[in-house]
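Working notes for the structure below.
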Amino acid sequence: MNKKLFALSCFCLFLLASASGALLAAPGQIEKTFKVAPGGLLTVRAERASIEVESGGSGQVILDIDGRGDLEDLFDIRFSQAGNDVTLEMEARRRGSRWFNFGNRGLKIRALVPSRFDVDLKTSGGSISVDDLQGEVRSATSGGGLTFGRIDGTVLGRTSGGSIRLEESSGQVDVHTSGGSIEIARTQGSVTAKTSGGSIRIEEALGRLEARTSGGSITAGIGTQPEEDCYLGTSGGNITVHLAQGLGFDVDAKASGGRVTSDLTVTMRGSIGKGTLRGRLNQGGPKLTLRTSGGGIKIRELEH
């Protein structure tokens, strides 16, 4: 009898160990580590997944994929490395099925990269965030927002379904969204910001500025003298532009649905109306074009 109890106990322990092993296997999570040097490139191509990139990895890129279900059954997952460049490609095996949509819900890709690294990120259904980084950032999603920290380099971003936020960039900024607002704190390079479904706010640009929206207001600050023309335009809100002291522009402002007012002295030229202001600011310079058909325009001094 004791032998039977012993055998039964051993069997139960075996089942428990097997269950624990299955949990440790974590079918909904995959992690890979690659040894790299600073200055490489991380490329991610994924479907319906959010992507988060953090910097600070010392001599390595760590990729962590976290989701529901058996990821290797849901996706064709390919990792590759060429020198200091690392690539992750995830392609759905069962497109369009309810089972795939359920199993893929909440899929996240997390990446830890060296502080000096370029990233090229693309997903068809999730948000993208990039921490402070020294390098070029390219990102595109059709179903989520874009969030960037302090980027010492160029920032290119595209989304058709979310807002865009950037803390700081030392290079060119080119961001577009058709379904959200755009907020940029500070940039040292040229800025192109476009949305058809939200407001635009740029605290201080230190280069050429172009901001366009058809569904919200625009508030922008220009901190140094740009060498190229600047344009702010909306068909659905007000425009407020803050200019640092001493900047020179040829101002061309027109508000079809409100007034144009300026706290700065603009030497007028041509016909003047309540919704029109054309003239030189200081000694003149690049053209500053301001256009709105759904609000007013205010020109203010930038305060630090």
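Summary of values
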| item | result |
| --- | --- |
| Some residue of the range 251-269 being crowded, with 19+ Cβ neighbours inside 10 Å, farther than 24 Å from Ser181 by Cβ and at pLDDT 95 or above | yes |
| Residue among Leu277, Leu232 that is in contact (Cβ under 8 Å) with a residue 12 or more places away in the chain and either farther than 23 Å from Ala193 by Cα or basic (Lys, Arg) (or both) | Leu277 |
| Inter-residue pairs, beta-carbon under 6 Å, first farther than 18 Å from Ser160 by Cβ and in the range 129-145, second of a type in the set (Phe, Trp, Tyr) and assigned to a strand (DSSP E or B), 6+ apart | Val130/Phe148 |
| Enumeration of residues in the range 12-56 that are surrounded by 15 or more Cβ atoms within 10 Å (Cβ to Cβ), of a type in the set (A, V, I, L, M, F, W, C) and either in a strand (DSSP E or B) or modelled with pLDDT under 95 (or both) | Ile30, Phe34, Leu41, Leu42, Val44, Ala46, Ala49, Ile51, Val53 |
| Total residues in the range 196-212, condition modelled with pLDDT of 95 or more and closer than 15 Å to Thr292 by Cα | 5 |
| Within the range 148-160, tally of residues that are closer than 16 Å to Thr213 by Cβ and either of a type outside the set (Gly, Ala, Ser) or surrounded by fewer than 20 Cβ atoms within 10 Å (Cβ to Cβ) (or both) | 3 |
| Residue within the range 223-242 that is among the aliphatic types (A, V, I, L, M) and surrounded by fewer than 19 Cβ atoms within 10 Å (Cβ to Cβ) present | no |
| Residue selected from the range 177-193 under the condition buried (at least 19 other Cβ atoms within 10 Å of the Cβ) and not β-branched (Val, Ile, Thr), by the criterion farthest from Tyr231 (Cα to Cα) | Gly180 |
| Test for Leu166: is it without any contact (Cβ under 8 Å) to a residue 40 or more places away in the chain, within 28 Å of Leu206 (Cα to Cα) and in a strand (DSSP E or B) | yes |
| Residues satisfying the stated conditions in the range 169-181, i.e. within 14 Å of Leu146 (Cβ to Cβ) and either in a loop (DSSP other than H, G, I, E, B) or free of Cβ contacts under 8 Å to residues at least 24 places away in the same chain (or both) | Ser169, Val173, Asp174, His176, Ser178, Gly179, Gly180, Ser181 |
| Members of the range 120-130 found to be touching a Gly at 6+ places or on another chain (Cβ under 8 Å) and either modelled with pLDDT under 95 or surrounded by 23 or more Cβ atoms within 10 Å (Cβ to Cβ) (or both), listed by number | Thr123, Ser124, Gly125, Gly126, Ile128, Val130 |
| Residues being small (Gly, Ala, Ser), at pLDDT below 95 and under 21 Å from Gly153 (Cα atoms) - total across the range 172-189 | 1 |
| Top-ranked residue of the range 277-304 - restricted to ones that are under 13 Å from Ile239 (Cα atoms) and among the charged types (D, E, K, R), ranked as surrounded by the fewest Cβ atoms within 10 Å (Cβ to Cβ) | Arg300 |
| Any hit, the range 66-73, residues being surrounded by 19 or more Cβ atoms within 10 Å (Cβ to Cβ) and either in contact with a helix residue (DSSP H, G or I) (Cβ under 8 Å, 6 or more places away or on another chain) or at pLDDT 95 or above (or both) | yes |
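For (1) of a type in the set (D, E, K, R); (2) closer than 20 Å to Thr154 by Cβ; (3) in contact with a Cys (Cβ under 8 Å, 6 or more places away or on another chain), each residue gets a yes or a no:
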site: Arg201; (1), (2), (3): yes, no, no
site: Gly216; (1), (2), (3): no, no, no
site: Gly221; (1), (2), (3): no, no, no
site: Thr224; (1), (2), (3): no, yes, no
site: Ser235; (1), (2), (3): no, no, no
site: Thr261; (1), (2), (3): no, no, no
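The values are calculated or read from the model by the stated rules, or taken from the named source; none is laboratory data. Just so it is clear, the structure is predicted and the values come from calculations on it, not from any experiment. Positions of Cβ are backbone-derived with ideal geometry, glycine not excepted, and every protein chain shown enters the neighbour counts.
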